[in-house]
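Notes to accompany the following structure.
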Amino acid sequence: MTRATRAWSVYFVIYPLDVSSFLPKTDTMVTHETCSGSSKHCHPTLQMLDRKIRLMALNFEDNFAHNYAQNFALGLTLVLVLFWVQMATPLHAQVLSGPGVVPSEKMRSGISFASADLRATQADDTLNPAFLWIDQGQALWQQGSSNDTRAVSSAVTNAPPNSPPHTQANEHPSCASCHQDPQQSMRGVSMKYPRWDSSTSRLINLEGQINICRTQRQHLPPLAYESDELLGLTALVSLASRGLILKRTLDDALKPALARGQARYETRMGQNNLACMHCHTQNAGQHLGGETISQGQPHAYPAYRLEWQRMGSLQKRLRACLSGVKAEIWPLGSEELTELELYLSFRGEGLAIESPGVRR
Amino acid sequence: MTARIILPPNPKAGVKMDIRILIQHPMETGFRYDISGAAIAKNVIKSFSLDLDGETLFSGELGTGTSANPFLQFSVILPHSGWLKLQWLDDEGNTGLERVLCNLSS
């Protein structure tokens, strides 16, 4: 918004206020004329000053009233134009711009490119195989870990079943002991990741956060990337956000990582010399062999993929693309993949979260 | 390995209902080779059965033509409420067990 348009808008908004209402009223002047002259309010100099101020105010108001009709029309037009610009501009474009971004009116979920059968599989939770992993995540959420000290200690010491739990049990609290019901406490959480961790100065995605919780709070070894356990917990947390509109908040700490992620999305790589955007922005919806190219949106991951015949994280999917363009395949959990994941989450703003999705 | 026995909401006595079974299993066909060229041993679910309080409702044998994480569905009229028990056995000799309580409303 330029200075000139801002000035016009301000004028349009404040004009209807009666300027003279801020100044001495006419009835006080009558009081001055009939007063005895002893009060300091009736001092002749003050009265003169008073009249001058009111005269100035009347002139001021007359000048504005003279041009009121044309100013009103101009101001109204400007305000309407500004309003239209605000509405027409997609929200995410205020954060992201560049050749990799899909305009908000053209954004499509990956499931819209899939067959009717696959869409039906994702739509019905009793058909969706991803719920096998969610069941495991739910069990893990309650018990904390498969080698829960409470269960192990009572088995090892042959303690009677009604004896108090082993004292070490509190060293390995379950997820539920802090977070209770994941569908309540984890609602909207998955879309806050990847986040910037200022204490370690690195990006942390949801998988990384779950492992931080495991090592620092539960005092358990971290779960391996792409293990059924970690996928189960990630999918369980993501499920709590299903149906919410993906919305990110950009803070200053994220900006350098986001810029690096964007550069990776837009940079040609590999023997095929393709950038992500060449397929997933410029040619989305076109065919590549027998496949339809999707827009590369992240909102359904972790997802069950028929090609893998199992659940997989977004980073596993990105690695499949890197393999496709014959580029160096970055390791799971690497800075490169997490920055790309961060960029994709901003790029996908406005889509409803589908996790756990089903993809071809 | 885990499994799901999915019952319709509010199953009723004497009314035909669909029971869905989903078993987590790689269903390795035996036709594939690993990165060093060695054959990957066949490992599929050989047999499975679904019982209602010990009485077999549905059983079968699966082969290499079945996808990973097989999904099975069949229709049945249950005679009474009870525990449904799903058991399976694969080529490696691993067995699986999943139980769910089915309460029929009249």
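The values are calculated or read from the model by the stated rules, or taken from the named source; none is laboratory data. Keep in mind that this is a model prediction, so the values were computed, not measured. Positions of Cβ are generated from backbone atoms using ideal geometry, with glycine treated the same way; all protein chains shown enter the neighbour counts. These accessible areas exclude ligands, DNA and RNA; they are computed on the full protein's heavy atoms, side chains included. Shrake-Rupley method; radii C 1.70, N 1.55, O 1.52, S 1.80 Å.
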*Those residues that are open to solvent by less than 80 Å² (accessible area, probe 1.4 Å), assigned to a strand (DSSP E or B) and more than 14 Å from chain A (Cβ to nearest Cβ), I need them from region B:75-89; list them, please.*
B:Ser75, B:Val76, B:Gly82, B:Leu84, B:Lys85, B:Gln87, B:Leu89
_Can you go through A:Leu351, A:Leu318, A:Leu332 and tell me which one is among the aliphatic types (A, V, I, L, M), within 24 Å of the chain's Cα centre (by Cα) and open to solvent by 30 Å² or more (accessible area, probe 1.4 Å)?_
A:Leu332
*asked:* Based on this model, can you work out whether A:Glu307 counts as in contact (Cβ under 8 Å) with a residue 60 or more places away in the chain, open to solvent by 30 Å² or more (accessible area, probe 1.4 Å) and acidic (Asp, Glu)?
replied: no
*Failed item in (1) of a type outside the set (D, E, K, R); (2) more than 13 Å from chain A (Cβ to nearest Cβ); (3) under 28 Å from A:Glu229 (Cα atoms), with B:Asn10 passing the rest*: (3)
*Among residues of region A:213-252, those that are surrounded by 14 or more Cβ atoms within 10 Å (Cβ to Cβ) and in a helix (DSSP H, G or I), counted*: 15
*Consider B:Asp34 against the criteria (1) farther than 23 Å from A:Arg360 by Cα; (2) more than 13 Å from chain A (Cβ to nearest Cβ): it satisfies all of them except one. Which criterion is unmet?*
(1)
*Examine region A:258-280 for a residue that is of a type in the set (D, E, K, R), touching a residue at least 12 places away in the same chain (Cβ under 8 Å) and either under 21 Å from A:Glu229 (Cα atoms) or assigned to a strand (DSSP E or B) (or both), and state whether such a residue exists.*
no
*Residues of region A:96-114 being over 13 Å from A:Leu344 (Cα atoms), free of Cβ contacts under 8 Å to residues at least 60 places away in the same chain and not in a helix (DSSP H, G or I), which ones?*
A:Pro103
*Give the residue that is nearest to B:Ser47 (Cα to Cα), with candidates limited to residues of region B:90-106 that are part of a strand (DSSP E or B) and open to solvent by 60 Å² or more (accessible area, probe 1.4 Å).*
B:Thr95
*Looking at (1) surrounded by 17 or more Cβ atoms within 10 Å (Cβ to Cβ); (2) within 14 Å of another protein chain (Cβ to nearest Cβ); (3) assigned to a loop (DSSP other than H, G, I, E, B), which is the only condition B:Ser67 fails?*
(1)
*Condition met for A:Ala352 (small (Gly, Ala, Ser), under 18 Å from A:Val102 (Cα atoms) and at pLDDT 95 or above)*: yes
